[in-house]
1. If you scan segment 179-235, which residues turn out to be within 29 Å of Ile284 (Cα to Cα) and in a loop (DSSP other than H, G, I, E, B)?
2. Can you name the condition, by its number, that Lys114 falls short on among (1) outside any helix (DSSP H, G or I); (2) charged (D, E, K, R); (3) without any contact (Cβ under 8 Å) to a residue 12 or more places away in the chain?
3. From the list Ala152, Ala101, Ala137, Ala141, which residue is open to solvent by less than 30 Å² (accessible area, probe 1.4 Å) and touching a Gly at 6+ places or on another chain (Cβ under 6 Å)?
4. Select from segment 236-260 the residues that are touching a residue at least 12 places away in the same chain (Cβ under 8 Å), surrounded by fewer than 16 Cβ atoms within 10 Å (Cβ to Cβ) and part of a loop (DSSP other than H, G, I, E, B) and list them in ascending order.
5. Scanning segment 117-134 for residues that are of a type outside the set (S, T, N, Q) and part of a loop (DSSP other than H, G, I, E, B), which turns out surrounded by the fewest Cβ atoms within 10 Å (Cβ to Cβ)?
6. Filter segment 305-326 down to the residues that are assigned to a loop (DSSP other than H, G, I, E, B), of a type in the set (S, T, N, Q) and within 27 Å of Ser235 (Cβ to Cβ) and list them by number.
7. Are there any pairs, at least 6 apart or on different chains, whose C-beta atoms fall under 8 Å, with the first in segment 268-289 and among the acidic types (Asp, Glu) and the second surrounded by 16 or more Cβ atoms within 10 Å (Cβ to Cβ) and assigned to a loop (DSSP other than H, G, I, E, B), and if so, which?
8. Ile318: over 30 Å from Pro32 (Cβ atoms) and crowded, with 16+ Cβ neighbours inside 10 Å, yes or no?
Amino acid sequence: MSFNTFGRMFRFSTWGESHGPALGAVVDGCPPGLPLSEADLQPWLDKRRPGTSRFTTQRQEPDAVRILSGTFEGRTTGTPISLMIENVDQRSKDYSDVAVAYRPGHADYAYDAKYGFRDYRGGGRSSARETAARVAAGGVARLVIPEVRIRAYLVELGGDAIDRGAFDDVEIDRNPFFCPDPAAAARWADIVDDARKAGSSVGAVVECVAAGVPAGWGAPLYAKLDSELAAACMSINAVKGVEIGDGFAAARLRGEQNADAMRPGADGKPMFEANHAGGIAGGIATGQPVVLRVALKPTSSILTSVPTIGRDGAAADIRTKGRHDPCVGIRAAPVVEAMVALVLADQKLLHRAQCGGGL
């Protein structure tokens, strides 16, 4: 049994492969009457699009999204919204070696072990190309949560972290790394260039903040807002860790240090003196910004020769030809934003279904 659908009330399914004719998503459960056009979705896809700088794969894909269903006269109808993105710059011949041997760190062997058959062209369904469909679906989700501002950016690349004291939100859109620290962005350019020239790759950490999430979204136990966010982000290609708020650092604090102390605030709502919990307590939003971080491993497709085995079980070495991101974490920032938007849209509708309230 395979699972290609995420969400409960606001659901989306993605389809397609890296080197197929197209890929896309079907969004179901979107409320009717929301204004939606391709122009609303394209800016998000442009942020994730490949080939926009020398620091990403040079595969040239316009990632132009088409809305095939679910809208009429520029508004959502409440029926499934089908989104399609054509693949126009595939080079399947680059993967002839991958057809007979597995790339260590990639999903090649795992897919073969499960299905006994795999699409080796660019990794097929396991390719990060699939995330374009998530970003398109996330654009729809943002229409459901206009009260929330979602911002993702890189805080670490190749083991080199930003200076939090130099954080500048404006800088995030000024450099190809989605980096809020211009000095770090300059260092990262050298780190990525060095890795690419060496035929290798580096990892990264993406932080995402969702401001404006109302207190009450989420649910106890099995639909916790933090567990939903963790599941959504762990489903992104190359992600190996997710933490909410202080995350693992909270384990090194004492209780009084970790507590998010409260004081009386305006309109009877609390004023928090800290946000160690990342805006979530007991699986329910507190009204503070929701903060999470996502760790992405180095890209597995590299030009450096790595020991492996072939499909016949014999020893082999493999170098992955083709066009690959030397740091897949760079283009992950828009994907993390999309997944956070999809979860929050779902949680808003779930909250409305149980507790009432409009859009």
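The values are calculated or read from the model by the stated rules, or taken from the named source; none is laboratory data. Keep in mind that this is a model prediction, so the values were computed, not measured. Please note: Cβ atoms are built from the backbone with ideal geometry, for glycine as well, and neighbour counts cover all protein chains shown. What goes into the accessible areas is simple: the full protein's heavy atoms, side chains included, and nothing from ligands, DNA or RNA. Shrake-Rupley method; radii C 1.70, N 1.55, O 1.52, S 1.80 Å.
1. Applying the first criterion (within 29 Å of Ile284 (Cα to Cα)) to segment 179-235 yields 180, 204-235.
Listed by number, the residues that qualify are Pro180, Gly212, Val213, Pro214, Ala215, Gly216, Trp217, Ala219, Pro220, Lys224, Ser235.
2. Unmet for Lys114, out of (1) outside any helix (DSSP H, G or I); (2) charged (D, E, K, R); (3) without any contact (Cβ under 8 Å) to a residue 12 or more places away in the chain: (1).
3. On the way: Ala152 fails: touching a Gly at 6+ places or on another chain (Cβ under 6 Å); Ala137 fails: touching a Gly at 6+ places or on another chain (Cβ under 6 Å); Ala141 fails: touching a Gly at 6+ places or on another chain (Cβ under 6 Å).
The unique qualifying residue is Ala101.
4. Leu253, Ala259 - these are the residues of segment 236-260 that are touching a residue at least 12 places away in the same chain (Cβ under 8 Å), surrounded by fewer than 16 Cβ atoms within 10 Å (Cβ to Cβ) and part of a loop (DSSP other than H, G, I, E, B).
5. Of segment 117-134, the ones of a type outside the set (S, T, N, Q) are 117-125, 128-130, 132-134.
The next check asks that each one be part of a loop (DSSP other than H, G, I, E, B); those that pass are 117-120.
Details: Phe117: 7, Arg118: 22, Asp119: 19, Tyr120: 21.
Per the stated criteria, the residue is Phe117.
6. The first filter runs over segment 305-326 and keeps only residues assigned to a loop (DSSP other than H, G, I, E, B), leaving 305, 311-314, 319-326.
Still in the running and of a type in the set (S, T, N, Q): 305, 320.
The answer is Thr320, and nothing else.
7. Glu273/Asp260
8. Working: over 30 Å from Pro32 (Cβ atoms): yes; crowded, with 16+ Cβ neighbours inside 10 Å: yes.
Criteria met by Ile318.
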